[in-house]
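The values are calculated or read from the model by the stated rules, or taken from the named source; none is laboratory data. For clarity, every value in this text was computed on a predicted model and none was experimentally measured. Glycine gets a Cβ as well: all are built from the backbone with ideal geometry, and neighbour counts include every protein chain shown. Calculation scope for accessible area: heavy atoms of the full protein, side chains included, ligands and nucleic acids excluded. Shrake-Rupley method; radii C 1.70, N 1.55, O 1.52, S 1.80 Å.
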Amino acid sequence: MFSIVRPVLRRSACACRLITSSSSNNSSTEQGSGTINFNELFQKGIENPIRNPVKKGLAVCRTNQTDPSQHTIRHEGLYYRVAPEAIQRWMKEGLHPDIYPLFRAFNESCLMVRRPAIEIMECMRAADYSLPAIRYMLYGRAGSGKSSTLAHLMHFCGSQDWVITHVPWAPVLHRYSKERVPSTFKEGRIDQPADAAKWLSRLMTTNDPLLKTLNLKTHRKYIWSRREVTEEGDALTELIDFGLQRVKYAPDVMGAVIRELKLHASSGNVKVLVAIDGVNGMWEQTRYIREESRHKFFHAQELTIVQHLMEFLKNDWTGGASVCTVDEGATIKEMNDPLTSYMPRFLLGQKGFDFLDPFIPVHVPDYSDKEANSCLDYYTDRKWIQHPAGLTEAGRTEMFFLSCKNPLELYKVSRRW
Amino acid sequence: MRAYLERAKAHDAFMQGEISEYEIGKRHLANIMGADPDNFSQEDIDKAVEYLLPSGLFDKEARPKMKHPHDVIPKRKAAEFDVDGRPFHTYFYTAKPQFFKLMHDAVFVLESLKKEEDKMLRRGEEANADKKIIIGASVWLTKPAVEEKLQEKLSDEEYDSFIRLFTRIIEHPISYAEETFIMQYRRVLSAESMISSIPELIYDEAGRPYQEAEGARKTSKAYVKIWSQGSGHVTVNGTDLLDCFPEILDREQVMSPLHFTNTLGRVDIEARVEGGGHSSRAGALREEALSPTSSEIPPLRVSPRIIKNNNVSFFG
């Protein structure tokens with residue numbers, strides 16, 4: 001009797017597990033005290049999930065439309081397949097670290113088409129690119145899919161030949177940077193040559209064939225040292241290569257590249273997407289200690305890279321858009337003082353909000369019923385959910401209850417089935 | 001037998017002495033307290049002792065007392081044989097007459113049940129399923145309880161054979177015919193659910209029924225409203241379950257009663273929890289989220305997890 005029932009109730013219904021153990025201990029002395037007749041239970045109308053499995057083969061959880069530029073609200077809740085090249089170009093970093101092993105396990109990489117992404121796509125399609133660049137702000141609680149939405153939007157813009165500048169996780173700049181030197185160009189700010197070079201190399205790999213075919217030229221002469229000069233009319237890729245070769249100048253090259261991209265976008269040569277994950281980290285205190293006192297820290301606003309990125313976030317240019325996310329994880333938490341909100345105004349603070357205002361806030365909610373079912377259909381299809389109980393309606397209800405349909409939590413819960 | 005009679009005589013004499021001492025003591029005490037010695041009751045004695053010998057000892061058994069010897073000195077079995085030396089009980093020489101008489105009777109009961117069943121089969125009747133004894137609703141008396149009932153010490157083997165025989169009787173299709181005999185040796189488990197009253201259904205303006213409950217675990221307190229005809233929506237302190245309980249273990253705690261009662265996804269829960277840590281909050285919710293739903297589910301009381309955890313703080 002229990003062999004049928006135990007797997008169904010195995011994890012959550014600890015009560016049942018205890019019953020089985022106690023009944024085996026007391027079976028000789030207390031007949032019927034610790035046992036439950038499950039057959040009776042089921043006869044009383046309690047569902048036996050084993051007997052009511054989710055119908056297989058009927059669920060549609062995928063779309064064949066792999067081109068994100070064609071995605072509309074019709075595809076909401078469906079998974080689309082992202083080509084490995086696209087993963088390499090636009091999504092190599094920035095998604096939740098657990099998703100990459102998952103891609104390998106599934107032998108394919110799929111993203112779900114979700115409403116926030118569709119909404120921003122509709123806005124981008126309808127936008128007038130002769131007007132200042134629109135800033136979109138994705139916000140939502142931890143694990144709700146902000147970074148995945150950002151990745152989908154990058155794929156959307158990338159497939160339409162936009163130049164994409166991506167910062168996978170802004171707080172990295174002010175937490176884990178190993179090399180920091182005072183700027184030679186402007187007093188009072190901190191250069192992070194290695195991070196700037198990384199940003200440049202990411203710009204190259206993300207937009208490699210595109211930048212070469214566009215053949216963008218520089219708008220002015222840049223003098224780096226007595227011997228090293230970038231002339232007016234040189235290729236933008238040469239400027240980037242110079243930054244990669246002479247890492248010392250990488251932060252300043254980054255500023256120059258951003259300036260050039262803004263000018264090119266404004267003159268209509270190219271469209272530029274600025275994607276920054278965890279943008280609220282740019283208005284935080286860094287973890288870098290000042291020389292004069294052990295108790296004083298640099299502010300992120302003093303970092304050269306942050307200042308350059310803020311130039312990009314200004315809406316004094318046209319022909320592009322910026323999509324940012326605000327994330328609870330990007331804000332430094334005080335001990336025993338958990339963050340109480342994930343709203344942009346709370347996370348950005350007064351200064352950050354004033355700088356980015358006006359922007360279009362887009363809420364990334366947890367899964368809807370349709371999306372959550374689609375997600376589990378996909379997991380079932382990929383044989384990620386192995387346990388027979390996980391294939392039943394009762395199992396799904398349990399997973400939804402435990403995860404509150406939060407995408408990350410749903411994945412964590414589904415790992416156990 | 002002679003030795004027994006001597007012992008009994010000595011015991012009676014001892015008791016007589018004790019009782020007379022008690023009576024004299026009682027009169028002395030009444031005089032000390034300035035009361036009437038003839039109408040000095042046991043209650044008056046207790047009050048007087050408490051007044052004269054105040055004690056701060058926690059255990060009431062350890063405080064000074066003055067009781068009637070019959071209440072204090074352990075009883076001895078009355079003589080089991082008459083003046084001729086003939087035992088009263090047929091099974092006296094088995095050394096455990098009450099136990100073996102019970103076993104003997106039980107076998108007769110079982111045999112009579114078998115005969116009755118044969119008769120019914122011959123008549124073409126079937127056992128009445130409605131009258132069947134619900135085994136899950138009660139348990140066999142424990143060994144000390146049986147010993148207390150029979151006034152005899154039993155060995156483990158004897159107790160096992162008792163359980164085996166009575167299990168055969170209760171599992172008989174028409175065991176309900178001998179229910180009164182069987183139930184003398186079983187403890188009914190429904191006491192808990194009979195005592196704890198199931199809250200009444202309340203209806204809101206829209207006519208939607210809900211129940212209210214409150215409870216505690218350790219230092220946490222939970223106040224719960226359960227709405228029927230729901231969709232599994234849970235609100236705890238104004239936030240959803242994930243915000244309130246980031247640990248999955250706590251969410252499982254809240255889920256387990258709903259899962260067990262098969263109300264998962266069918267009721268809405270609105271809860272307020274305060275005090276304590278996250279696991280005790282979840283524990284408080286688990287018990288209280290369950291209790292209003294218990295009206296629908298008969299076999300709840302047999303789950304050890306679902307029986308109320310009385311581990312409530314002394315200060316809480």
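Take the residues in the stretch A:379-417 that are more than 12 Å from chain B (Cβ to nearest Cβ) and out of contact with any helix residue (DSSP H, G or I) (no Cβ under 8 Å at 6 or more places or on another chain); name whichever of them is nearest to A:ARG81 (Cα to Cα).
Within the stretch A:379-417, the match that is nearest to A:ARG81 (Cα to Cα) is A:ASP381.
Which residue is least open to solvent (accessible area, probe 1.4 Å), if the candidates are limited to the stretch B:142-154 and must be more than 10 Å from chain A (Cβ to nearest Cβ) and within 23 Å of B:GLU179 (Cβ to Cβ)?
B:VAL146
Identify all residues within the stretch A:232-280 that are among the acidic types (Asp, Glu) and open to solvent by less than 10 Å² (accessible area, probe 1.4 Å); write none if there are none.
Across the stretch A:232-280, the qualifying residues are A:GLU260, A:ASP277.
Can you tell me which condition A:PHE359 does not meet? The list is (1) within 12 Å of chain B (Cβ to nearest Cβ); (2) at pLDDT 90 or above, and all the others hold.
If we test A:PHE359 against (1) within 12 Å of chain B (Cβ to nearest Cβ); (2) at pLDDT 90 or above, just (1) comes out false.
Is it the case, given these coordinates, that B:PRO292 is modelled with pLDDT under 85 and part of a loop (DSSP other than H, G, I, E, B)?
The answer is no for B:PRO292.
Just one of (1) touching a Ser or Thr at 6+ places or on another chain (Cβ under 7 Å); (2) surrounded by fewer than 21 Cβ atoms within 10 Å (Cβ to Cβ) trips up A:TRP169, so point out which.
For A:TRP169, the exception is condition (1).
Go through the stretch B:106-141 and report how many residues are at pLDDT 90 or above, within 29 Å of the chain's Cα centre (by Cα) and open to solvent by 50 Å² or more (accessible area, probe 1.4 Å).
Adding up the residues that qualify gives 1.
Among the residues of the stretch B:71-79, is there at least one that is among the charged types (D, E, K, R), touching a helix residue (DSSP H, G or I) at 6+ places or on another chain (Cβ under 8 Å) and not in a loop (DSSP other than H, G, I, E, B)? Outline the logic, then answer.
Initially, the stretch B:71-79 is screened for residues among the charged types (D, E, K, R), giving B:71, B:75-77.
Those still in the list that are touching a helix residue (DSSP H, G or I) at 6+ places or on another chain (Cβ under 8 Å) too: B:76.
Retained after the next criterion (residues that are not in a loop (DSSP other than H, G, I, E, B)): none.
No, the stretch B:71-79 contains no residue that is among the charged types (D, E, K, R), touching a helix residue (DSSP H, G or I) at 6+ places or on another chain (Cβ under 8 Å) and not in a loop (DSSP other than H, G, I, E, B).
Just to be sure, is A:LEU391 open to solvent by 20 Å² or more (accessible area, probe 1.4 Å) and in contact with a Pro (Cβ under 9 Å, 6 or more places away or on another chain)?
So A:LEU391 passes the test.
Within the stretch A:284-300, which residues are in contact (Cβ under 8 Å) with a residue 40 or more places away in the chain and open to solvent by 50 Å² or more (accessible area, probe 1.4 Å)?
Listed by number, the residues that qualify are A:GLN285, A:ARG287.
Residues are listed down the side, and each one gets a yes or a no for (1) touching a Pro at 6+ places or on another chain (Cβ under 6 Å); (2) more than 14 Å from every other protein chain (Cβ to nearest Cβ):
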| position | (1), (2) |
| --- | --- |
| B:TYR91 | yes, yes |
| B:ARG122 | no, yes |
| B:VAL139 | no, no |
| B:SER161 | no, no |
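Cβ-Cβ under 7 Å, sequence separation 6+ or interchain: first residue in the stretch B:241-254 and within 9 Å of chain A (Cβ to nearest Cβ), partner part of a helix (DSSP H, G or I) and at pLDDT below 90. Which pairs?
Final answer for the pair search is B:LEU241/B:VAL254; B:GLN253/B:GLY283; B:GLN253/B:ARG286; B:VAL254/B:LEU285; B:VAL254/B:ARG286; B:VAL254/B:ALA289.
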